[in-house]
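See below for the structure under consideration.
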Amino acid sequence: MPREEKFYSRIRNELLDKYGHEAFAFHENFLVKNIGRPDIVFVIDIGSEWVSDFEIWVIEVKKKKEKILDSLTQTLKYSLFAHRCYLAVKFGKRDRGFS
């Protein structure tokens, strides 16, 4: 079974394709002291021409659907510092990809 890191580049590319012009930073396995190590941290500019503002997005990547409650709990704890928290789960070959 491939490691979760294998999917980081695909998620990064999708985020940068959609929000690249607004992106401040993209980090993988970023250590947040006393909270954990989210798989992906994406900082995006949500301000306007005259107002500077940003959001921190966290994406937790899982390669299997098993233990989904544990995965959701892990993702939810990142809301202590992030504006948006997402869980990306790899489905089987017949499925369309991440959800």
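The values are calculated or read from the model by the stated rules, or taken from the named source; none is laboratory data. Being a predicted model, the structure only gives us computed values, none of them experimental. Backbone-built Cβ (ideal geometry, glycine too); neighbour counts: all protein chains shown. For the accessible areas, the whole protein counts, side chains as well, though only heavy atoms, and no ligand, DNA or RNA atoms are used. Shrake-Rupley method; radii C 1.70, N 1.55, O 1.52, S 1.80 Å.
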> With the Cα gyration tensor of the stretch 1-52 giving a ≥ b ≥ c as the square roots of its eigenvalues, does the rule (a/c under 1.5 for rounded; else a/b larger than b/c for prolate; else oblate) give rounded, prolate or oblate?
Replying inline: oblate
>> Can you give me the distance in nm between label points at ASN13 and VAL43, each placed 7 Å from the Cα along the Cα-to-Cβ direction?
In response: 2.6
>> Suppose a student asked you for the relative contact order of the chain, using Cα pairs under 8 Å spaced at least 6 residues apart; what percent would you report?
In response: 20
>> Within the chain, what whole-number % of the accessible surface is contributed by carbon and sulfur, with the 1.4 Å probe and all protein chains included in the calculation?
In response: 52
>> Quick one: 3J(HN,Hα) in Hz for the stretch 34-45, Karplus 6.51/-1.76/1.60 with θ = phi - 60°, rounded, Gly and Pro as x.
In response: 6, 10, x, 10, x, 5, 9, 10, 10, 10, 10, 7
>> For a quick size check, give me the Cα extents of the chain along its three principal axes, largest first, whole Å.
In response: 46, 31, 17
> Along the Cα-to-C-beta direction of GLU55, a point sits 7 Å from the Cα; which residues of the stretch 74-88 have their amide N less than 20 Å from that point?
Replying inline: 75-88
> If R0 is 25 Å, what FRET efficiency do you get for GLU5 and GLU66 from their C-beta distance, rounded to 0.05?
Replying inline: 0.85
> For the chain, with every protein chain kept in place, what is the accessible area per residue (1.4 Å probe, Å²)?
Replying inline: 71
> What is the helix-to-structure angle for 68-77, meaning the angle in degrees between its Cα long axis and the longest Cα principal axis of the chain, kept from 0 to 90 and rounded to the nearest 10?
Replying inline: 20
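Taking the mean number of other Cβ atoms within 10 Å as a proxy for protection, how do you rank 6-12, 45-51, 25-31, 63-69 from highest to lowest?
Ranking, from highest mean packing down: 6-12, 25-31, 63-69, 45-51.
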> Taking Cα atoms, how many degrees apart are the long axis of helix 8-19 and the longest axis of the chain, rounded to 10 and kept between 0 and 90?
Replying inline: 40
> Among bridges DSSP assigns within the chain, what percent are antiparallel (round to 5)?
Replying inline: 70
>> I need the shape label for the stretch 22-72. Rule: rounded when a/c is under 1.5, else prolate if a/b > b/c, else oblate, with a, b, c from the alpha carbon gyration tensor.
In response: prolate
